[in-house]
Each structure stands twice: as structure tokens, then as C-alpha cells.
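Quick notes on the structure that follows.
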Amino acid sequence: MAAPHYVAGIDFNPAVRQDAYDVMARLIEHYRNKSTDRAPEQWREPVRNYRDQDLWQQEIQAVFKKVPLPLALSCELPGPGTYKAIDVAGTPVVITRDPGGAVRAMINVCRHRGGELVPEGTGKANRLTCPYHAWSYDLKGCLLGVYGEETFGGVDRDTMSLVALPAAERAGLVFVSLDPKATIDLDQWLGAELITLLEAMALDKTFHYSTRTLAGPNWKVVIDGYLEGYHFASLHRTTVFRTNLSNMAAFDKWGPHQRNSFALRPIAHAVDLPREQWDPALCVGAIYWLFPGLAVAGGWRSQVVVSLVLPGTSWDTSHTQQILALRHEPQDDDERKAAEHTRDWFHDVVMDEDYATGFGVQRGLAAMDGKEFVFGRNEPGVQHFHRVLKEMTP
């Protein structure tokens, strides 16, 4: 299957234009020198850190139940009366857009007997009604109706609303904390510079075309593959390597977050062009990674692929929501076919190449107990992820 055709999707405003062109300049120098951004030294990671169940539990508690998690795109909740339900390492969450347009998040569990209110996925509803006994809640989580209340007995609606979770929306992304008592401060969590770069991608103005869920191995095995391009020429020889150069990237970080900008093949033709004729959208494959597990690929282009990687309910499982967002809703068969091609191509590459390899890695972990993996200097993104995770996990 041929790779998707890349088309520029945004106009770089003055706030980010300099950054995009500077990244491309760095990649042009790497192309000339056959080099890549490098960490000061190698990093060694004990293999047991991938399969230790106690450590996995600590990571869930210290990271996934503490930090603001980017669990949805704004375009998945396109208007009042829409919702998204998602499982986060065993915690069922439902995100809604209330009648006033604000995002809300709650535990997706009825207060009567624990029934799941809505299945995983997106949809529209004026209220959330439990299929078990028909208790219903508004999109703010307030208990509205109790079926047969005259026989059930009176219910204090103020104390039996859904368990609310902190939620905030910024740059076309919806963040949720699994800690009901937390306060989300996205200015602090993301930082002003990264927020500016994220807002420039205009994700809040995109159209949600599709979401597919991919079953994967251990979440850290999965994430390691997203944060380097060292493997493109070997693992993706007939797919990604046709559009991306291998082992050639510019690395940037903002707190726990990062961006890996890979050199796309058209950069070979831009090397001798004056700067004013460059097109970063077609020469730079910038992937923004929001800790702990959201990758935004193609944010400068007409088709944006967002991958949300979440742990499963045990150390050896994960699931990834692969979301395709477009600059506008397809207007004809050609545009629909182009979107379907991108959706299918990314799904097949990730499942058949990345995750198939990841499952192979996982099968070998037990035999490597007591050993260490080594991350090269040419894998600064992988190193940064594990360094941040180690700092956050007591």
C-alpha cells in the first residue's frame, strides 16, 4: 500500500514560523552531514522495569492517576450534547460537552449499582442513562431521574451525582485527571512555549474522521517505538522509510513533553533552496509527544494522526486509540478515499510492523531478566521519556 500523500494544512503564523524553519534548518544540516541530534551519553534501562508488576502499579498511581491526561481531541466532542467514553488503565471515564459548551469528565459508573453508563466510543446524548436500572444523569453528571422512585425510596440527588473528575481544554485537546481532588493547571503542565506551538496546529478546528483501537504489548515497549526514527530503514523498509529518512531527527523537549522532528525525503530537494522557498510541512515530520502517552503526527499537514497510548489492566497489555483528524469534513469520494487510505495505512503499519515487533520484544523479557537494554545517543526521545518516568515514580 502506497504511503499517504502529504499536503500542507496550516499557515505558519509569526509566533511559530521561526520555530518551524529553524527545525528544518537543523535537519538540512543533518542531511548534509548524515547525522542526527544526540544525547550526551547512552542510557541503560533494566529489563525488569518493563515486566515488574509492582513497578507497573507504582507507575499507574504516580503518573496516570496524578498528571493531567490528554484523553480526547476537541473535535471528538464537536458540540453540546456529545460525549467520549474511554477506559484508562481500568478506570472508566466519560467526557462530555455540556449545554454551555464546557467539557466535563466523570467516572463512567452509575451511582446505583455500578452499571457502565455508555460504552467506549463517542456519541450524542442529552442525558446519560444507565442501561441496568435506567437511572439518568445530565451532561454535568447530576442525577436527574430515578426509575420507580416511589417504590425505591427517596434519593438525595446532591450526594448521588456521578463522581466528577477535573477536566480542562486547550489547543484542541481535552485533559482529565483521574484524581477527583486535583486541580489542572495547563499553563504549568505544558508551559507557554509548547502551548503556542500546539495552538498553531489548530486541532480545535479539525474534523474527527475516525478512531480505531489497537491492542498492544506493555505500554513502555509501545512508547519506545514512537520516540525514535532509528528503526525506520529496518522495520519500515517498504512503508515509513519511503517517506522518512532513517536515523535523522531533531529533538526538543519542554518539561516532560517532547518533539521528534524526522527528516522527510523532500528535504533532499530543499537543501540548495533559499530559506524563503522551504516548506516545513512537506520536509519535516514533526511528532509532538505529550507525556505520558499522546503523539500528534502531521500537525502541520491536512491529515493529522493522533495516537493515544494507555496501559491496560496488567503490565503486559496496552491499548492505543488511533485518531484521524482532517482539516475539513470530506466533500466527495476522492477526499473520503484519501482519508480512508491514511487511516488504513497507519493502522496496518503500526499493527503489522511496530506492535508485532513489540509483542516479540515482550516475549523475550523474561529470558532477559537481570539484563539491561541500552538506548543510544541517537535515541534522545526514548531516553527523555524513561528519565521523566523514573523521576515521577517513587
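The values are calculated or read from the model by the stated rules, or taken from the named source; none is laboratory data. This structure is a prediction, so every number in the text was calculated from the model and none was measured. Cβ atoms come from the backbone with ideal geometry, glycine included; neighbour counts cover every protein chain shown.
So if I check each of 159, 151, 129, which one is polar (S, T, N, Q), more than 26 Å from residue 309 (Cα to Cα) and surrounded by 18 or more Cβ atoms within 10 Å (Cβ to Cβ)?
Numbers: 159 fails: surrounded by 18 or more Cβ atoms within 10 Å (Cβ to Cβ); 151 fails: surrounded by 18 or more Cβ atoms within 10 Å (Cβ to Cβ).
Residue meeting the stated conditions: 129.
Taking the conditions exactly as written (part of a strand (DSSP E or B), modelled with pLDDT of 95 or more and surrounded by 12 or more Cβ atoms within 10 Å (Cβ to Cβ)), does residue 118 satisfy them or not?
So residue 118 fails the test.
Let's see how each residue does on (1) more than 22 Å from residue 71 (Cβ to Cβ); (2) part of a loop (DSSP other than H, G, I, E, B); (3) under 15 Å from the mean Cα position of the chain (by Cα); (4) among the acidic types (Asp, Glu):
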position	(1), (2), (3), (4)
288	no, no, yes, no
296	no, no, yes, no
346	no, no, yes, no
383	yes, no, no, no
389	no, no, no, no
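Filter the helices (runs of 4 or more DSSP H) completely within region 205-278 down to those with at least 2 residues that are touching a residue at least 40 places away in the same chain (Cβ under 8 Å) and of a type in the set (D, E, K, R).
219-226
Quick one: which of 204, 224 is acidic (Asp, Glu), surrounded by fewer than 19 Cβ atoms within 10 Å (Cβ to Cβ) and farther than 17 Å from residue 23 by Cα?
The unique qualifying residue is 204.
Search region 81-101 for residues that are among the β-branched types (Val, Ile, Thr) and pair each with any residue that is surrounded by fewer than 16 Cβ atoms within 10 Å (Cβ to Cβ) when their beta-carbon atoms are under 7 Å apart and the residues are at least 6 apart or on different chains.
Short answer, once both residue conditions are applied: 82/124.
For residue 104, only one of the following conditions fails: (1) at pLDDT below 95; (2) closer than 27 Å to residue 173 by Cα; (3) not hydrophobic (A, V, I, L, M, F, W, C). What is its number?
If we test residue 104 against (1) at pLDDT below 95; (2) closer than 27 Å to residue 173 by Cα; (3) not hydrophobic (A, V, I, L, M, F, W, C), just (1) comes out false.
Yes/no per residue for (1) β-branched (Val, Ile, Thr); (2) within 16 Å of the chain's Cα centre (by Cα); (3) at pLDDT below 95:
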{"residue": "43", "(1), (2), (3)": "no, no, no"}
{"residue": "49", "(1), (2), (3)": "no, no, no"}
{"residue": "60", "(1), (2), (3)": "yes, no, no"}
{"residue": "75", "(1), (2), (3)": "no, yes, no"}
{"residue": "82", "(1), (2), (3)": "yes, no, no"}
{"residue": "98", "(1), (2), (3)": "no, no, no"}
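Of the residues 46, 40, 68, which single one is touching a Phe, Trp or Tyr at 6+ places or on another chain (Cβ under 6 Å), within 28 Å of residue 252 (Cβ to Cβ) and touching a residue at least 24 places away in the same chain (Cβ under 8 Å)?
Result of the check over 46, 40, 68: 68.
Which residue pairs have Cβ atoms closer than 7 Å, lie 6 or more positions apart in sequence or on different chains, and pair a first residue in region 327-338 that is assigned by TED's automatic domain parsing to the domain that holds residue 298 with a second residue that is assigned to a helix (DSSP H, G or I) and among the charged types (D, E, K, R)?
330/336
(1) more than 18 Å from the chain's Cα centre (by Cα); (2) part of a strand (DSSP E or B): which one isn't true of residue 56, the others all being true?
It fails just one condition, (2).
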